[in-house]
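Below you'll find the structure, written out as structure tokens, and then a few comments.
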Ligand code: C2E
Ligand code: CA
Ligand code: CA
Ligand code: CA
């Protein structure tokens, strides 16, 4: 009904309904797109600050939609997580990344694994199966998780992360510093790598104490024996500061954007970044 201030409600209701329809449409599209091979990976290199060599690449998923064109993960990962499609999508990402990286000499590959995957599947068993199928060396694989995975069901997370470690897989805490319990999580779970969230890197140059915060995280990594990666490095000045502060690994648009499989191969064989 549309009378006496109820108009707001009916407007809202129809908006919700529209959104539900849009959501269902997207889920259907994703299901179809997965079967049709519309998803693809790009790889963003992670560089050594000392030699400027590529240490590893991070696999990042994209969707080439037949009508809407290219869609980035922030616009479909949440829908995949809500609908359960993250399970087949996440498995596809893992397999595709391992197949690709098996062709490259020596460098590692990292894959983002959603908390929803940890919650609903045995991620260690999935990884075991995929490395077996692809012949990829598990010690060259790194799994990136956000602390969300640790908070929901700590015991389950501990088992899964322990299972991954037993395979030789490295564990990275992604978006470090953005959550509430990054510090305690670092001690209670077997991480190898801290990825400093790009917000902190962005703040290095233009906020009071921004650089000191990053220095403190670098010191924390050192004290705990963890490797630290700075994400989202966009300026020469940030890179200079990070190098001076003994940050060993950097990732960001300044050095390389996420790129195609072919561009990674070119980069690794000594060509320019894509
Ligand atoms: P993330 O894991 O934190 O990945 C880093 C994001 O920052 C990527 O965005 C990357 O393209 C972007 N980035 C890299 N360097 C820079 C920089 O210098 N400046 C700025 N502003 N951004 C930079 P992308 O590819 O859009 O991915 C967004 C998020 O989507 C990822 O954040 C990750 O949480 C999620 N995601 C991507 N691929 C996957 C996947 O295969 N599985 C899951 N579960 N999540 C994924
Ligand atoms: Ca990541
Ligand atoms: Ca991140
Ligand atoms: Ca800035």
Let me check against my output: what whole-number percent is the relative contact order of the chain, with C-alpha pairs under 8 Å and at least 6 apart? 16
On a 0 to 90° scale, report how tilted helix 123-134 is relative to the longest principal axis of the chain, with both axes built from alpha carbons and the result rounded to the nearest 10. 70
Rounded to 10°, Cα long-axis angle of helix 7-36 versus longest principal axis of the chain: 60
By per-residue mean of other Cβ atoms within 10 Å, what is the highest-first order of 21-31, 176-186, 76-86? 76-86, 176-186, 21-31
Considering Cα pairs under 8 angstrom that are at least six residues apart, work out the relative contact order of the range 40-198 and quote it in whole percent. 17
With 5 Å bins from 0: P(r) over the range 124-190, alpha-carbon pairs, percent: 3, 17, 28, 23, 14, 9, 4, 1
Hull volume per residue for the chain, using the convex hull of the C-alpha atoms, in Å³ is 167
Helix 154-167: inclination vs the chain longest Cα principal axis, degrees, rounded to 10, gives 50
By count of other Cβ within 10 Å, fewest leading, how are 133, 91 ordered? 133, 91
With r defined as the distance between the Cβ atoms of residue 269 and residue 156 and R0 fixed at 45 Å, what FRET efficiency is calculated, to the nearest 0.05? 0.60
Length gained, residue 121-residue 15, 0.36 nm per residue minus C-alpha separation, equals 34.8 nm
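How much length, in nm to one decimal, is gained on full extension between residue 212 and residue 137, taken as 0.36 nm per residue of separation minus their Cα-Cα distance?
My answer for the length gained is 23.3 nm.
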Estimate the FRET efficiency between residue 75 and residue 199 by the formula 1/(1 + (r/R0)^6), using the beta-carbon distance for r and 22 Å for R0, to the nearest 0.05. 0.60
Tell me, 208, 122 in order of fewest to most beta-carbon neighbours within 10 Å? 208, 122
What distance in nm separates the simple spin-label points at residue 34 and residue 22, each placed 7 Å from Cα in the Cβ direction? 2.3
Students often check this: by mean Cβ neighbours within 10 Å, which of 225-231, 32-38, 257-263 ranks highest, and how do the rest follow? 225-231, 257-263, 32-38
Tell me, 55, 187 in order of fewest to most beta-carbon neighbours within 10 Å? 187, 55
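Any chance you could run the full-extension gain for residue 253 through residue 183? It's 0.36 nm times the residue separation minus the Cα-Cα distance, nm to one decimal.
Gain on stretching residue 253 to residue 183: 22.5 nm.
Read the figures in this text as sums done on the coordinates, not as results from a lab. The shown structure was predicted, so the numbers you read here are calculated from the model rather than taken from an experiment. Heads up, the Cβs are rebuilt from the backbone with ideal geometry, glycines too, and the neighbour counts pull from every protein chain shown.
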